[in-house]
1. For a paramagnetic label modelled at 7 Å from the Cα of residue 283 toward its Cβ, which residues of the range 297-320 fall within the zone defined by backbone nitrogen distances under 20 Å?
2. For the range 84-176, what does the alpha-carbon gyration tensor say about shape, rounded, prolate or oblate, given a ≥ b ≥ c as the root eigenvalues, a/c under 1.5 as rounded, and a/b over b/c as prolate?
3. As an exercise, use a Förster radius of 41 Å and the Cβ-Cβ distance of residue 197 and residue 90 to find the FRET efficiency, rounded to the nearest 0.05.
4. What percentage of all Cα-Cα pairs in the chain are separated by more than 40 Å?
5. Would you kindly state how much longer the chain becomes between residue 1 and residue 39 on full extension, computed as 0.36 nm times their sequence separation minus their alpha carbon distance, in nm to one decimal?
6. Report the semi-axes of the equivalent ellipsoid for the range 30-154 in whole Å, largest first, where each axis is √(5λ) for an eigenvalue λ of the Cα gyration tensor.
7. Can you give me the relative contact order of the chain as a percent, contacts being Cα pairs under 8 Å and 6 or more apart?
8. Can you tell me which of 40-52, 70-82 comes out highest on packing, and rank the rest after it, using the mean Cβ neighbours within 10 Å?
């Protein structure tokens, strides 16, 4: 794979670290700014909302720029936002820094996915996208525990200084390694015409439900692990590493499988994910089964990501960048929907395995939509889809 993919992965690592590391630092941040835990939680929800908004708006705003320049501009936002967080004298400025940093998230992965796909031969595009997303999964496995350790040992601001430096290094790496690629052709109205396609909308719905089911199950997993499986709270971070390893392996394996057969891979993964979540819910009182279920949930859940991203790009060959950014927003809508539904299940007293059942139901709905979309299109099981995107630069193998 081209070295440029690893430069993109480094940017993804920094962005993933920014998104998730705050979860381990909330107590320190809340204490430092003398705010409630609820207010501190807005540093997470505010980030997520900003991702969903920025994924569409900035992708459109940057459409006229050569794609490498667009990525570098987004990294400038990332660096500025994290620098604001590191220096923030007040909670309000900290929140502003989180929002600024988050604005780059959706557009970076959206534009980056198109750039990654253009770097390789047509039958390796999903695999290339998975390399870029590998940075995000590594942030979960290693970056978040390390960032939390740095924040707890040297103060939470130190973590944001480290993330800022990672942003600078990623900026240099992308400047040096990622080739120039043409800006999106056509007018803004022409690009938005992609939303006339029923398959584009169906692809986004599959993303919302297929990924949202896994995230809804994961949102309250700490309660499942402690209240149902009987693990101590001190074991939860170590168990989450197992989940993170699953994300990393599943992402790469899912990308390779999607390159071989996109339609069949997505259908199979959603079936297996539904079964996994049901099995996890039924065996959550067994600690060994819980460990296995946690790893499988992460691996199978994130294995869908390269294929889901590739599907919408295939169905929007005239505007792959906007479609890619829209699908990143759909992932975050799925996160919010899954977490909300799981929270409702807990609120009405369905117990700490209910998020797993909710996740299974939502994923099953995603599978149904995918099957309908496949039937409407007349099947998607060819090795090389006829509507695959055309590289805008010569492929590098």
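Throughout, read-outs are computed from the coordinates displayed, never taken from laboratory work. Treat the numbers as computed from the prediction; the structure is a model and nothing was measured. For neighbour counting, all protein chains shown are included, and Cβ atoms are generated from backbone atoms with ideal geometry for every residue, glycine included.
1. 297-303
2. Note, shape of the range 84-176 comes out prolate.
3. 0.35
4. 11 percent
5. 9.3 nm
6. Over the Cα atoms of the range 30-154, the ellipsoid semi-axes are 30, 18, 12 Å.
7. About 26 percent, as a whole number.
8. Per-residue mean Cβ counts within 10 Å order the peptides as 70-82, 40-52.
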